[in-house]
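Here the structure comes first, spelled out in structure tokens, and everything after it is commentary.
Rule-based calculations on the coordinates, nothing more; no lab input. As the structure is a computational prediction, the values presented were derived from the model and not from experiment. As a convention, Cβ positions derive from the backbone with ideal geometry for all residues, glycine included, and neighbour counts pool all protein chains shown.
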């Protein structure tokens, strides 16, 4: 395991309680967990919760966590996804060390276990079509009917399974079923398929196999082979656990692992279905898996999220046995809190209005603090000149009460610079203000007010002569529906896509922001947190808004 510090536990959730009890009783000597993603897409924030739990518990208890690619279905898998998963797990702060595996590493052993089941009289080859099996399987309240070949002899089953393995049957023409219980109210126990024919190349094993194991059969065997002590799954696998246990108890496996289930993460205004996310990519609703609007780990990284913020978020929401919808505002709160501590500050004007300081001549460099939350972050220099840009909303000709920004006859402090007073405006033919004229007080440089007068407003600015306009991408929720995965019947989830989820705009930024490398996170003072995008170039950066400054989430 790596040496990344673990955040202190917020609560003693039930997985911790189980591990504590297993260690105390001696049932477990060393905690061994695993994270088994299917490499058929990029992992998302829901997987991040599982990663933090699987790797976090192993690290917390001095054990190990295995990264295992669940590559049992070659029709949907790709090396691209394998590599992206590895990158994302490492970025989140975890390392599997020497414990990296593929389900396909065990195909020979899993095949041998299938042969064992056949010899035990616990498996048979079935030729029913998928539609025919639905009729035979029945419904939970009524026992199913036995497949016509359920009592096939061991010798015949071995012969037919060998034919399947040699490719003598086409896809869907024959499957190997476990012989379990056709009367079970749990449909997953009604003679589930454990092997099917797939005549496609596998990204790891090539063309060696014509048959591939089903996940429900392979999963417990992989856990047993690796000596997993706590096989932690999401709640939808709870109904699969009886078959998991049946496989482990029926076969002579080297270990007897246990499966535990927790509630998966669901976020408001967020789609978590990997199938839907793939459709978003393929149908060009987003620019790719790493589009900053996507809940993928690579999308969150590109948007400016930190691994620390995601780990803190996962610890805060905890681990339960009950499905619920988590407010995305809590995730935003986590990244906002983290970025506040680590992000340097700089000034950027989103909607420029020119200010001319009539009594100022020349230009100078002013000292700006990089991060008031971190004295060690130091300072940087900001050029100041006679003409500057301020936010248009920071000036009003006829301000309401308690408006403490710039207005005719009023003073305001320019961040890191001087106190200025509005003495006039310029307007176009339609009466719109095009420029504001001010005078400055030279005695107020850098926050001084020698005469003790109170200046209630402070605004940011950028020198017209030194700043530059750059592209900024303002991201909002990708969906307008609070729960786009649970819509009324007949409502297409695409109809809830937010047309304003991305607004491309311009910002006038100070020079220190012009050459920052991709991935640099920064707070635009009084505006929000932004991250330099890979699309930017030296001298022409592109900034993605990670999150606004305002935090509406309240922790009880």
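What to note about this one:
- Summary value for region 33-96: 46 percent relative contact order, contacts being C-alpha pairs under 8 angstrom separated by 6+ residues.
- Relative to the current alpha-carbon distance between residue 284 and residue 486, full extension at 0.36 nm per residue lengthens the span by 70.5 nm.
- With the simple spin-label model, which puts each label point 7 Å out from Cα in the Cβ direction, the residue 168 to residue 429 separation comes to 9.0 nm.
- Taken along the Cα-to-beta-carbon direction at a fixed 7 Å, the label points for residue 465 and residue 60 span 5.8 nm.
- Computed packing ranks the peptides 81-89, 487-495, 432-440 as 81-89, 432-440, 487-495, most packed first, by mean other Cβ atoms within 10 Å.
- Acute angle (nearest 10 degrees) that the helix 241-250 long axis makes with the longest principal axis of the chain, alpha-carbon atoms: 40 degrees
- Computed from Cα positions, the angle between helix 45-60 and the longest principal axis of the chain comes to roughly 80 degrees.
- Efficiency of FRET between residue 90 and residue 198 - r from beta-carbon atoms, R0 35 angstrom, step 0.05: 0.70
- Across the chain, the relative contact order, built from alpha-carbon pairs under 8 Å that are at least six residues apart, equals 12 percent.
- Region 508-535-region 476-491 distance, computed between alpha-carbon centres (Å): 32 Å
- Look at where the Cα atoms of region 82-134 and of region 136-151 average out, and the two centres are 26 Å apart.
- Förster-model FRET efficiency, 56 Å R0, residue 351 and residue 98, C-beta, rounded to 0.05: 0.55
- Paramagnetic label zone (point 7 Å from Cα along Cα-to-C-beta, residue 139; backbone N under 12 Å) in region 469-510: none
- The gain in end-to-end length when the residue 183 to residue 234 segment is fully stretched comes to 15.7 nm, 0.36 nm per residue minus the alpha carbon separation.
- DSSP bridge orientation in the chain - percent antiparallel, rounded to nearest 5: 70 percent
- Entry note, region 212-323: relative contact order of 23 percent, from Cα contacts under 8 Å with a spacing of 6+ residues.
- Separation in nanometres of the label points that stand 7 Å from Cα toward Cβ, at residue 392 and residue 421: 2.9 nm
- Between the entries (1) 32.4; (2) 24.2; (3) 28.4, the label attached to mean projected area of the Cα convex hull in nm² calculated for this structure is (1).
- In angstrom, the C-alpha Rg and Dmax of region 184-335 are 19.1, 50.
- The C-alpha atoms of the chain define a longest principal axis, and helix 107-119 lies at about 40 degrees to it.
- Ranked from largest, the principal axis spans of the Cα set of region 374-497 equal 68, 49, 31 Å.
- Extension gain, residue 316-residue 109: 0.36 nm per intervening residue step, less the Cα-Cα distance, totals 70.5 nm.
- Measuring between their Cα centroids, region 282-311 and region 44-71 lie 20 Å from each other.
- Modelled label reach - residue 275, point 7 Å along Cα→Cβ, region 474-504 residues with backbone N closer than 20 Å: 483-497
- Computing FRET efficiency as 1/(1 + (r/R0)^6) for residue 12 and residue 266, where r is the C-beta to C-beta distance and R0 is 22 Å, gives about 0.40.
- An ellipsoid equivalent to region 108-215, defined through the eigenvalues of its Cα gyration tensor, has semi-axes of 24, 15, 13 Å when rounded to whole angstrom and sorted largest first.
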